[in-house]
1. Looking at the stretch 35-56, which of its residues are over 15 Å from Ala88 (Cα atoms) and either of a type in the set (A, V, I, L, M) or touching a Leu at 6+ places or on another chain (Cβ under 9 Å) (or both)?
2. Can you confirm whether Asp120 is free of Cβ contacts under 8 Å to residues at least 12 places away in the same chain, among the acidic types (Asp, Glu) and surrounded by fewer than 17 Cβ atoms within 10 Å (Cβ to Cβ)?
3. I'm trying to understand the selection: among the residues of the stretch 95-149, which are on the phi > 0 side of the Ramachandran plot and at pLDDT 70 or above?
4. Please verify whether the stretch 60-68 includes one or more residues that are within 23 Å of the chain's Cα centre (by Cα), closer than 25 Å to His23 by Cβ, at pLDDT below 95 and part of a loop (DSSP other than H, G, I, E, B).
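The values are calculated or read from the model by the stated rules, or taken from the named source; none is laboratory data. Just so we're clear, the structure is a prediction, and the values are computed from it rather than from any experiment. Please note: Cβ atoms are built from the backbone with ideal geometry, for glycine as well, and neighbour counts cover all protein chains shown.
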Amino acid sequence: MLPTFALAIAALLAPPQGVILDHPPAFTERTRTLAAPNRAIVRFASPAHRLAAAAQGFKLLRDIPQLGYSVILVPYGRVDSSIDRLRALGYVTEAFPDRVYRPAYTPNDPVFPEQWNLIDQGIPQVWDVEKGSPSVVIAVLDTGSRIKR
């Protein structure tokens with residue numbers, strides 16, 4: 001699975017001059033993943049496979065050498081089928097839609113990272129739904145022990 005960090009890096013890098021990538025995100029045709037409708041993130045099997053993909057019309061937009069991934073341009077609305085084709089031809093060892101992520105909210109408690117029980121209980125996801133109010137105090141009570149590991 002492509003690390004989230006790699007996706008974040010790809011999203012932050014600017015496209016090459018002259019390449020228009022301002023399409024709004026759309027759901028991919030088969031996997032229904034919210035992603036750029038004309039980009040994929042891939043790891044080429046070799047430099048020769050990279051050239052072969054280019055010969056097939058997959059334009060390289062940028063490399064992320066620190067992570068070993070490349071961002072390529074695929075036909076609009078054909079992200080899943082393009083990934084399937086690249087895999088079937090053996091050109092890539094990994095390929096993913098250029099997914100869209102939204103920011104996640106986290107508590108401002110400085111010792112929150114040390115509270116493993118809250119993370120195990122899925123409490124951080126609550127901040128994505130409700131930001132709360134200064135007049136509301138929430139307490140999470142549990143036994144403090146983990147029976148199953």
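1. Across the stretch 35-56, the qualifying residues are Ala35, Ala36, Asn38, Arg39, Ala40, Ile41, Ala48, Leu51, Ala54, Ala55.
2. Numbers: free of Cβ contacts under 8 Å to residues at least 12 places away in the same chain: no; among the acidic types (Asp, Glu): yes; surrounded by fewer than 17 Cβ atoms within 10 Å (Cβ to Cβ): yes.
Taking the combined requirement at face value, the residue does not satisfy it.
3. Gly122
4. yes
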